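Quick notes on the structure that follows.
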Amino acid sequence: MIVLAKLVLCLGIESTAHTFGVSIASDEGRILEDAKEVYKPAPGAGIHPRDAAQHHCAAAPDLVAKVFEKAKIRPRQIDAVAFSMGPGLGPALRVGATIARALAVYLKKPLVGVNHAIGHIEIASLTTGARDPLVVLVSGGHSALAAFAQNRWRIFGETEDITVGNLFDMFAREIGYASPGGQIVEQLARKGRRYVELPYTVKGNDVAYSGLLTAAVRKVKEGERVEDVCFSLQEVAFAMLTEATERCLALIEKPELLLTGGVAANVKLQTMMRLIAQEHDATFKVVDRKFSADCGAQIAWTGILAYKSGGTVKVEESVVRPRWRLDNVFIPWREG
Amino acid sequence: MLIKKGAEANIHLGEWNGRKVIEKKRITKEYRLKEIDTALRSYRTAHEAQIIHEAKKAGVPTPIIYQVDRSASTIIMERVEGERLKELLPRLSAKARRKLCRLVGQNIARMHQRDIIHGDLTTSNMILLENGEVCLIDFGLSYFSDELEDRGVDLHLIKRALNSAHYRVAESCFAEIKGGYVSLTGRRQAEEVFKKVNEIEKRGRYSERM
């Protein structure tokens, strides 16, 4: 217990979209506990922001209590309360923010507003030991290529319309499955045998997926086997992303390639990214599967980093930022 | 001799009929499906050679094409001597930088006026020649289009390349590129494209506009 007392502990609350997550991290880089409840929309439907918010409200009290209990930490022992301040769905974000504010005020602890995307990058850096990577952030909310320079993550490439996560979610919905659709598409794709031609759109280091979505949906309606379309959709979507990433890697010559975000769990994408990393003498790293999808741990750990470099926010100024870009975040805790 | 492994091609230094040349060879990418790979390499090889030629006709300095081998996905072209803007830009005085960026803007305008979209405008794809002109290379993602949207994306790409790789001087550089662009297309046409650039940015993920 004496050792524990010296540690800085941060409670992290994630509530940007489907997931309500709670976690406690320590400044020695340990995730003491990480628990979540995931809102599931009806098959064929997307997230309804209000329903997601209600789900989070209902899930929050027990989940917060459970995390303290399982981590064997008393609420007063924590040093800061971090929450996902954005980007994400307003109603969902406000649930996490409200709970975090209440806890911070009640426990008299400082509040830390964390950018969710930075959370994906930091939890991946923590679990892989990556130091100066080109980051490929792929999730429902992001498809971006970023590298760090002078206190900011700089975006080198990104999607010009929907994200790769959106692409799979929306396609899955169109063919009658519930979001998130990434795993469904991945499973169906394994049974695909034949390549169905689909449009391939790379613009410099950018990609655009909306044309691909429309075409894939049309192919299914025209009677192509769903498994074949899933297979082709995945091949084209990932090849575009991999090409953009390789172009970026050739441009900035980073020593590491770090894959993170929910879609990082896709084995096919990992295989493709590993190939180009090898090609350009970069070490390939991928976020621990436990933390690839949205989780409290990404907020708790980034909360530690921000808190230790003075990045707290006053309760009255802790307004959520649904469209907060990751390259707008000033980052004092990284060198480069 | 291999001098650069790019994202879609390997660049070799070689000789061709006594000339120093660049051999741009689009190699098979193991990560993508064979069907996608073959179609992309073949299409881009033929297309790149054609567009480089068209850009030259539009008055934009580009490498001379000596030979195109579509089945081997290889282009043999002039070896352009000079420094890439990527390395050069940070070292220049503000005045020299402005002058150079203006030239870049004019080159982009010349292409757009001939319905050429470069598709991969970065400072790595621009070389300062001895005569003071800026040569554009790597037309691998180029295409023909007269749509405002595509011109907008072209300018958006160079703007983002500046913001990420040259963030200290990005703003003044892009302003000067716009200046060069306006000087050839005229204010009215240019403003329409610039408006599109803003629109594309706003459409992107999470742009906060107060």
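General remarks:
- For the protein assembly as shown, calculated [θ]222 nm from helices alone, where every DSSP H run of n ≥ 4 adds -39500 (n - 2.57): -14500 deg cm²/dmol
- All Cα-Cα separations within region A:39-137 were binned at 5 Å from zero, giving a P(r) of 2, 11, 16, 18, 20, 16, 11, 5, 1, each value a whole percent of the pairs.
- A straight Cα-to-Cα reach below 22 Å connects A:Lys6 with the lysines A:Lys70, A:Lys72, A:Lys108, A:Lys109, A:Lys308, residues fewer than 8 places away in its own chain not being considered.
- Lysine pairs with alpha-carbon atoms under 21 Å apart, region B:1-83, spacing 8 or more or separate chains: 13
- Cross-linked pairs A:Lys66/B:Lys202; A:Lys314/B:Lys202; A:Lys254/B:Lys195: Cα-Cα separations exceed 31 Å for A:Lys66/B:Lys202; A:Lys254/B:Lys195.
- Debye-sum result for the protein assembly as shown in log10 I(q)/I(0), which assumes one identical scatterer on each alpha carbon, at q = 0.06, 0.08, 0.09, 0.11 Å⁻¹: -0.31, -0.55, -0.70, -1.00
- The P(r) of region B:1-97 has a tail past 21 Å containing 43 percent of all C-alpha pairs.
- Span-rule helices in chain B, defined as complete DSSP H runs reaching 15 Å or more along the axis (Cα) with Kyte mean at least 0.0: B:170-185
- Ellipsoid equivalent to region B:71-210 - semi-axes via the Cα gyration tensor, in Å: 23, 20, 15
No lab work stands behind these numbers, since they all come straight from the coordinates. This structure is a prediction, so every number in the text was calculated from the model and none was measured.
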